[in-house]
Amino acid sequence: MKVLRDQRGSASVPALFMIVCFFAVGALVTDVARHYCIKVAAKHKLNLACRSAAAQLDEEELKDANLVINEARAVKAFHEVLKTNLVLDESLMPLAGSILNSGPVQVVYFKVVSPGEAPFTYTYGGHMETVDRPAVVAIISFPVKSGVFARLAGGPGATTMYCRVTAAPELISRPADQI
């Protein structure tokens, strides 16, 4: 009966287990939150690049109130703004200070939709979208490193994330005295 009376340290094992579980869950939450923040920031920067590309309108067509995106200028503006905002070099590799530091950014889909193509439907992965006016559609992918605890738990060292944006210019006609 001595065994049943001597219970010193009996709370140590469950307490140790709970502490390990608490740190594991905290590490998981931190890792997921960091991945989410990186994805949101990258999507905002991609949005700026797409909006810049969509703003490259053909001036001759605009005189007749037609929205036509100049594709050559749109591609150039897209890449310049994307490289500047994500702090990338010419080959889309992250430079020092970039929020992306695990590998190169890839433009996996880029399309300038002209007025004659609308409505335009595209599918990428499990996503399908129909664009009903001139627009710029872009999807990028980039690797993001997993946290230390995720790797210790047997998770992958990096995860590939995808961001997609569609941006379209809009012609708002107003009388000259209201501008």
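Nothing in this text is a laboratory measurement; each read-out follows from the coordinates by a stated rule. Keep in mind the model is a prediction, meaning the values are calculated, not measured. So basically every Cβ, Gly included, is an ideal-geometry build from the backbone, and we count neighbours across all protein chains shown.
Things to note:
- Working note: 222 nm ellipticity from helices only, DSSP H runs with n ≥ 4, each -39,500 (n - 2.57), summed and divided by the residues of the chain, gives -13500 deg cm²/dmol to the nearest 500.
- Taking one quarter of the surface of the convex hull spanned by the alpha-carbon atoms of segment 130-179 gives a direction-averaged projected area of 6.5 nm².
- Averaging 1/r over each pair of different alpha-carbon atoms in segment 58-141 and inverting the result gives 14.5 Å, the Kirkwood hydrodynamic radius.
- Acute angle (nearest 10 degrees) that the helix 12-54 long axis makes with the longest principal axis of the chain, alpha-carbon atoms: 10 degrees
- Panel order for ILE140, ILE172, by other beta carbons found within 10 Å of each beta carbon, from fewest to most: ILE172, ILE140.
- Ellipsoid semi-axes for segment 12-178, based on the Cα gyration tensor and the rule √(5λ), read 42, 16, 14 Å when sorted largest first.
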